[in-house]
Amino acid sequence: MRNSSFFVTVLTILMSISTAISSQSPLQNFLTCFSHNSHASKVIYTPNNTSFLTILNKKMFHKKFQTPTTPKPLAIITAKDASHVQTTIICAKSNNIQIRIRSGGHDYEGYSYVSDVPFVILDLFNINSVDINLQDETAWVDSGATIGKIYYNIAKKSNSLAFPAGVCFSLGAGGHFSGGGYGNLMRKYGLSVDNIIDAIIVDANGNIFDRQSMGEDLFWAIRGGGGASFGVILSWKLKLVQVPSQITVFNVKRNVDEGATDVVYKWQLVAPKLHKDLFIRVQPNVVQIDNGTKNIVQVSFIGQFSGTTERLLLLISKSFPELGLKNSDCFSMPWINSTLFAYGRPIGTPLEALLEGPQAGYSKGQSDYVKKPIPKIALESIWKKMIEGETLFMQWNPYGGRMQEILSSQTPFPHRAGNLFKIQYFNSWIDGSLESIERHVNFSRSFYKFMTPYVSHSPREAFLNYRDADIGANHPSNTTKFDIARIYGSKYFKGNFKRLVSVKTKVDPENFFRYEQSIPIKTY
């Protein structure tokens with residue numbers, strides 16, 4: 001897969017075939033074109049296949065896209081090698097069919113598997129190898145590999161190496177990395193994209209490039225600018241990082257009637273300034289007390305420290321005594337076990353849990369960045385608003401450390417120095433009725449509006465990995481209007497949007513790779 005020369009003959013044949021197919025329906029033409037790949041029957045599924053819906057729903061993190069009225073793809077290509085990816089691109093392009101690229105299926109807005117125009121899904125879950133090189137402390141990982149699989153394979157080879165990436169195990173590397181990727185090691189090592197040193201991509205003409213052959217502009221763009229605007233990323237080369245043999249973790253919970261508000265306020269002041277070895281996430285949730293008769297907000301302070309318990313307690317006692325962290329709150333474990341703890345799994349959970357697939361549900365996710373501490377009186381009003389909705393919780397992720405040392409222009413991900421923390425809003429519920437979906441989505445939107453005075457503005461920044469159609473999107477998705485793209489582009493990428501447009505115009509001038517929030521080509 002890392003060598004493009006093998007596929008030159010295949011690519012030439014496909015291009016000649018695609019121009020010679022008779023004028024049938026786009027799907028028939030696509031299937032005819034694809035059938036000239038000798039392994040086509042083993043990887044392509046249409047609605048005529050009995051397993052079509054099983055394959056379609058297998059990687060859907062959000063049940064709201066599994067309804068009968070949700071647009072379905074003309075076909076699903078479960079690619080097993082680079083030639084299948086090349087074939088899909090050539091055959092789709094020649095028949096004016098959109099491609100939606102899916103690796104993990106966590107896309108909050110379903111852009112990786114839903115479209116409002118004729119489309120096929122290019123599913124990369126079978127392209128999922130993880131190859132660890134201990135000698136130079138690197139790893140080649142395919143886009144269909146999950147974060148959990150990457151962690152698992154690293155730990156099988158070494159107890160001193162790790163990689164800074166997400167908390168959720170079933171995230172696909174393709175989408176997670178191309179959007180930036182962050183996790184509990186971000187304050188010490190930066191984002192996932194800050195530790196990626198090479199990649200393999202297939203462009204709109206079916207050509208395969210590595211970092212050297214694609215050039216530094218495209219390599220810059222796909223590390224935080226969203227890969228699906230520029231091509232299909234087959235694999236990534238990661239620079240692994242050194243971690244101590246033991247990591248210290250804790251999860252301290254405080255109710256608002258136990259002074260949680262004061263602790264959260266102090267957290268805002270100190271968390272971005274703490275030693276970069278320490279990451280403390282704040283997670284406010286609505287919980288029931290008094291036998292379920294009363295809802296209150298409980299705040300979890302979830303910490304990970306690259307060092308001993310003794311050193312952690314000393315640091316906390318000096319900088320953040322309000323937390324009240326005790327020795328009994330702390331647990332020491334290898335880094336790989338800390339990834340399970342961060343996901344909320346009980347201590348002692350087998351490592352094989354890292355290989356589990358996603359648990360689908362109904363949800364709405366959004367994001368914000370905070371640059372000034374939120375006053376205590378505002379925090380109290382936020383808790384009251386959360387109780388109104390019951391099911392919405394937040395994750396406040398501290399910045400500072402390595403995140404403020406990296407220039408905002410070094411990758412497309414611009415949210416660096418100047419941020420105290422990032423907020424993820426996540427509203428999840430069980431009832432899949434239309435009334436329930438509408439009610440919960442509307443509450444999420446009202447809560448997002450409610451938070452306006454306390455977060456960044458001009459633009460109100462957002463995180464690409466937490467897709468949010470509400471900040472702007474092109475409909476229908478086969479037209480990319482620059483003025484609309486500039487709205488969501490400025491929020492995701494700030495000043496880097498202009499450079500992303502230049503790269504897009506250069507590598508995909510016909511705008512083949514497009515979706516509702518893709519990077520547009522330059523208009524004159």
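The values are calculated or read from the model by the stated rules, or taken from the named source; none is laboratory data. None of the values given here were measured: they were computed from a predicted structure. Please note: Cβ atoms are built from the backbone with ideal geometry, for glycine as well, and neighbour counts cover all protein chains shown. In case anyone asks, the SASA skips ligands and DNA or RNA and just uses the protein heavy atoms, side chains included. Shrake-Rupley method; radii C 1.70, N 1.55, O 1.52, S 1.80 Å.
Taking the stretch 184-197, which residues are on the phi < 0 side of the Ramachandran plot and of a type outside the set (S, T, Y)?
Matches in the stretch 184-197: N184, L185, M186, R187, K188, L191, V193, D194, N195, I196, I197.
Please list, ordered by residue number, the strands (runs of 3 or more DSSP E) wholly in the stretch 202-310 having 3 or more residues that are β-branched (V, I, T) and either touching a helix residue (DSSP H, G or I) at 6+ places or on another chain (Cβ under 9 Å) or at negative phi (or both).
Here the list reads 247-255, 278-289, 294-305.
Any residue that is at positive phi and either acidic (D, E) or assigned to a loop (DSSP other than H, G, I, E, B) (or both) - is there at least one of those in the stretch 460-472?
Within the stretch 460-472, one or more residues are at positive phi and either acidic (D, E) or assigned to a loop (DSSP other than H, G, I, E, B) (or both).
Pull out all pairs, ordered by first then second residue, where Cβ-Cβ is under 7 Å, the residues are six or more apart or on different chains, the first lies in the stretch 503-519 and is within 15 Å of R467 (Cβ to Cβ), and the second is open to solvent by 10 Å² or more (accessible area, probe 1.4 Å) and outside any loop (DSSP other than H, G, I, E, B).
Note: pairs meeting the criteria are Y515/A228; E516/A469; S518/A228.
With the structure loaded, tell me whether G174 is over 22 Å from S306 (Cα atoms), buried (at least 21 other Cβ atoms within 10 Å of the Cβ) and of a type outside the set (A, V, I, L, M, F, W, C) or whether it fails that test.
Yes, satisfied.
Among (1) basic (K, R); (2) part of a loop (DSSP other than H, G, I, E, B); (3) in contact (Cβ under 8 Å) with a residue 24 or more places away in the chain, there is one condition R345 misses while meeting the rest; what is its number?
Checking R345 against (1) basic (K, R); (2) part of a loop (DSSP other than H, G, I, E, B); (3) in contact (Cβ under 8 Å) with a residue 24 or more places away in the chain, the one that fails is (3).
For the stretch 298-331, enumerate the residues that are exposed (fewer than 14 other Cβ atoms within 10 Å of the Cβ) and of a type in the set (A, V, I, L, M).
L314 - this is the single residue of the stretch 298-331 that is exposed (fewer than 14 other Cβ atoms within 10 Å of the Cβ) and of a type in the set (A, V, I, L, M).
Taking the stretch 447-459 as the search range and keeping residues that are part of a loop (DSSP other than H, G, I, E, B) and open to solvent by 30 Å² or more (accessible area, probe 1.4 Å), which one is nearest to G180 (Cα to Cα)?
For the stretch 447-459, the residue satisfying everything is P459.
Results for (1) open to solvent by 10 Å² or more (accessible area, probe 1.4 Å); (2) more than 20 Å from H62 (Cβ to Cβ); (3) more than 20 Å from the chain's Cα centre (by Cα), shown as yes or no for each residue.
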{"residue": "A417", "(1), (2), (3)": "yes, yes, yes"}
{"residue": "I430", "(1), (2), (3)": "yes, no, yes"}
{"residue": "L434", "(1), (2), (3)": "yes, no, yes"}
{"residue": "E438", "(1), (2), (3)": "yes, no, yes"}
{"residue": "V441", "(1), (2), (3)": "yes, no, yes"}
{"residue": "R445", "(1), (2), (3)": "yes, no, yes"}
{"residue": "N465", "(1), (2), (3)": "yes, no, no"}
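Quick check on I387: is it under 30 Å from S160 (Cβ atoms) and either in contact (Cβ under 8 Å) with a residue 60 or more places away in the chain or over 24 Å from the mean Cα position of the chain (by Cα) (or both)?
no
Could you tell me which residue of the stretch 207-229 is surrounded by the fewest Cβ atoms within 10 Å (Cβ to Cβ), considering only residues that are touching a strand residue (DSSP E or B) at 6+ places or on another chain (Cβ under 8 Å) and within 16 Å of F413 (Cα to Cα)?
Looking at the filtered set, the residue picked out is F219.
Quick one: Q288 ticks every box in (1) surrounded by fewer than 15 Cβ atoms within 10 Å (Cβ to Cβ); (2) touching a strand residue (DSSP E or B) at 6+ places or on another chain (Cβ under 7 Å); (3) in contact (Cβ under 8 Å) with a residue 24 or more places away in the chain except a single one, so which number is it?
(3)
Out of the residues in the stretch 509-524 meeting the condition of being closer than 16 Å to G179 by Cα and among the polar types (S, T, N, Q), tell me which one is surrounded by the fewest Cβ atoms within 10 Å (Cβ to Cβ).
S518
Of all residues in the stretch 65-90, how many are open to solvent by less than 30 Å² (accessible area, probe 1.4 Å) and either in a loop (DSSP other than H, G, I, E, B) or free of Cβ contacts under 8 Å to residues at least 12 places away in the same chain (or both)?
3
Scan the stretch 91-121 residue by residue and report those that are open to solvent by less than 10 Å² (accessible area, probe 1.4 Å) and not basic (K, R).
C91, A92, I97, Q98, G104, G105, G110, Y113, S115, F119, V120, I121
Farther than 28 Å from T69 by Cα and of a type in the set (S, T, Y) - does that describe any residue in the stretch 464-471?
No, the stretch 464-471 contains no residue that is farther than 28 Å from T69 by Cα and of a type in the set (S, T, Y).
For every residue, the table says whether it meets (1) touching a Phe, Trp or Tyr at 6+ places or on another chain (Cβ under 8 Å); (2) farther than 21 Å from P164 by Cβ; (3) of a type in the set (A, V, I, L, M).
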residue	(1), (2), (3)
Q268	yes, yes, no
L278	yes, no, yes
R281	yes, no, no
L323	yes, yes, yes
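Does G495 satisfy being open to solvent by 30 Å² or more (accessible area, probe 1.4 Å) and not β-branched (V, I, T)?
Answer is yes for this residue.
Quick one: would you say I154 is aliphatic (A, V, I, L, M) and either assigned to a loop (DSSP other than H, G, I, E, B) or more than 22 Å from V43 (Cα to Cα) (or both)?
yes
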